[in-house]
């Protein structure tokens, strides 16, 4: 932890950490890599409960992020995370991750581009789905929980008559589901 209980910023690797330290030397004592944090937790039985901010963890960092979060007793914020993208793994591995560790996370703020629209969350408001039209984005629907791709597609279709394009989109979703 940084001095005075300041938040600790964790980056994916030593290279990203070095760039952050170069760009913000005044925060250098509060910046580390995921590997540094994991080693600190293992070697010193780190029992701090201060805020940790994980900066842009990716799918490849999933194991380290899960281990760090499990060992940390305080709040943790994921900033620009891509841990929960649909391509986390293949089959059972992806489903296990989405239903396990990632299931416990709440999105406070999110703006996720989609094919044909965007999904937005600004806590405490519900998830909002927008359709991309030729003249901008239009609000389509609200969801209390993050809508899956099927719910998104149904809302974006908005009662449109089934056609070849809609059938192909359904086939794309089906194939994507098989991959994840």
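The values are calculated or read from the model by the stated rules, or taken from the named source; none is laboratory data. Note that the structure is a prediction, hence the values are computed from the model and not measured. Every residue, glycine as well, gets a Cβ built from its backbone with ideal geometry; the counts of neighbours run over all protein chains shown.
Annotations
- Put simply, of 121, 146 the only residue that is under 19 Å from residue 79 (Cα atoms), free of Cβ contacts under 8 Å to residues at least 40 places away in the same chain, in a strand (DSSP E or B) and within 18 Å of the chain's Cα centre (by Cα) is 121.
- Condition check for residue 42: under 23 Å from residue 108 (Cα atoms) and modelled with pLDDT under 90: no
- Members of the range 9-36 found to be surrounded by fewer than 16 Cβ atoms within 10 Å (Cβ to Cβ) and touching a residue at least 24 places away in the same chain (Cβ under 8 Å), listed by number: 27, 29
- Filtered residues of the range 1-15 (kept if in contact with a strand residue (DSSP E or B) (Cβ under 9 Å, 6 or more places away or on another chain) and either under 16 Å from residue 78 (Cα atoms) or at pLDDT below 90 (or both)): 1, 2, 7, 8, 9, 10, 11, 12, 13
- Meets criteria (over 14 Å from the mean Cα position of the chain (by Cα) and modelled with pLDDT under 90) for residue 35: no
- Test result for residue 153, in a strand (DSSP E or B), within 22 Å of the chain's Cα centre (by Cα) and within 26 Å of residue 175 (Cα to Cα): no
- Residue match in the range 48-56 (condition: assigned by TED's automatic domain parsing to the domain that holds residue 76, assigned to a helix (DSSP H, G or I), over 13 Å from residue 79 (Cβ atoms) and over 18 Å from the mean Cα position of the chain (by Cα)): no
- From the list 55, 77, the lone residue that is touching a strand residue (DSSP E or B) at 6+ places or on another chain (Cβ under 6 Å) and surrounded by fewer than 18 Cβ atoms within 10 Å (Cβ to Cβ) is 77.
- Check on residue 136, exposed (fewer than 15 other Cβ atoms within 10 Å of the Cβ), assigned by TED's automatic domain parsing to the domain that holds residue 39, modelled with pLDDT of 75 or more and farther than 16 Å from residue 57 by Cα: no
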